[in-house]
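Here, each number is a calculation from the coordinates, and none is a lab measurement. Given the structure is predicted, the values throughout are model-derived calculations rather than measurements. For neighbour counting, all protein chains shown are included, and Cβ atoms are generated from backbone atoms with ideal geometry for every residue, glycine included.
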Amino acid sequence: MNPDRDLAVDSAKFEYIWPKAYPYYSKIPLVTKFVRKLVQDDIIGLGQMFEKAISVQCRIVRESTSGRDFKNGDDAKLVVVRTHSRGTAYAAPVTNIHAKTGNLLIAVYERKQKKWYHFKIPYAAYKHIPASSNIDIVFELDGTPKRKNRQSVNWWNYEVATFKDLA
């Protein structure tokens with residue numbers, strides 16, 4: 001079990017992803033209660049459930065292998081906004097991207113306002129990032145999206161309106 005785990009965040013992820021990954025089973029209260037318990041007990045990985053949700057909702061074939069999560073070369077990232085730089089910055093870090101070669105299909109959970117954001121970032125936009133770095137999708141300290149910012153690449157330009165727009 002991960003001692004740094006935030007159960008409230010995992011619960012928010014589950015409630016958002018579960019009906020997208022398993023639309024039929026999510027309508028059965030006893031099944032949902034059981035799977036929720038498995039998530040709370042840290043038995044089920046939400047990253048894999050996110051991949052399943054993309055596969056179901058966007059009709060993309062899962063093929064998890066080195067550098068990608070889907071047969072078409074795309075990769076799924078489920079991230080949470082966090083405070084860093086001694087409390088002066090708030091951003092969603094998208095890590096482990098240096099081996100990726102397709103689109104990044106990203107769902108970002110912002111915990112202060114309890115909102116979800118979606119991004120589809122093409123390989124051409126992030127291929128220049130060195131292995132020692134990552135993508136930071138920036139927010140204001142109050143949780144408001146920082147759509148105008150001074151980053152070399154404004155990742156907000158790759159925001160999509162809905163979950164299904166990730167495809």
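Among 43, 83, 19, whose Cα sits farthest toward the positive end of the charge dipole of the chain (+1 at Cβ of Lys/Arg, -1 at Cβ of Asp/Glu, about the Cα centre)?
Of the listed residues, the answer is 19.
Which value, in nm² and rounded to one decimal, describes the direction-averaged projected area of the C-alpha convex hull of segment 67-162?
6.2
Could you give the size of the charge dipole of the chain about its Cα centre, using +1 on the Cβ of each K and R and -1 on the Cβ of each D and E, expressed in debye and rounded to the nearest 20?
In debye, rounded to 20, the chain gives about 300.
Treating only the Cβ of Lys, Arg, Asp and Glu as charged (+1, +1, -1, -1), what charge dipole size does segment 1-59 show about its Cα centre? Round to the nearest 20 debye.
360
Over segment 36-98, calculate the relative contact order: mean separation of alpha carbon pairs under 8 Å at least 6 apart, over the residue count, as a percent.
Answer for segment 36-98 is 18 percent.
Give me the one-decimal nm value for the distance between modelled label points at residue 34 and residue 141, 7 Å along each residue's Cα-to-Cβ direction.
4.7
Would you please name the chymotrypsin sites (Phe, Trp or Tyr not before Pro) within segment 56-153 that are DSSP coil residues with at most 15 other C-beta atoms within 10 Å of their C-beta?
When the chymotrypsin sites (Phe, Trp or Tyr not before Pro) of segment 56-153 are filtered for loop state and at most 15 Cβ neighbours within 10 Å, nothing remains.
With labels modelled as points extended 7 Å from the Cα through the Cβ direction, what inter-label distance (nm, one decimal) is found for residue 24 paired with residue 148?
Computed distance between label sites residue 24 and residue 148 equals 5.0 nm.
Measuring from the lowest to the highest alpha carbon on each principal axis, how far does segment 23-130 reach, largest first, in angstroms?
Answer, in whole Å and largest first: 47, 38, 21 Å.
Under 15 Å from the 7 Å Cα→Cβ point of residue 71, by amide nitrogen: which residues of segment 1-43?
No residues fall inside that zone.
Give the order of 137, 129 when sorted by the count of other beta carbons within 10 angstrom, beginning with the fewest.
Ranked by crowding around the Cβ, least crowded first: 129, 137.
From Cα pairs below 8 angstrom and at least 6 apart in sequence, can you work out the relative contact order of the chain, rounded to a whole percent?
Value for the chain: 17 percent.
Just how far, in whole angstrom, is segment 25-73 from segment 99-167 if you go by their alpha carbon centroids?
So the separation of the two Cα centres works out to 21 Å.
Using the crude model of +1 on Lys and Arg Cβ and -1 on Asp and Glu Cβ, and no other charge, please compute the dipole size for segment 67-162 relative to its Cα centre, in debye to 20.
That gives segment 67-162 a dipole magnitude of about 120 debye.
Using 31 Å as the Cα-Cα cut-off, could you pick out the over-long pairs in 127/164; 52/146; 52/115; 112/164; 100/146; 33/127?
Those over the limit are 33/127.
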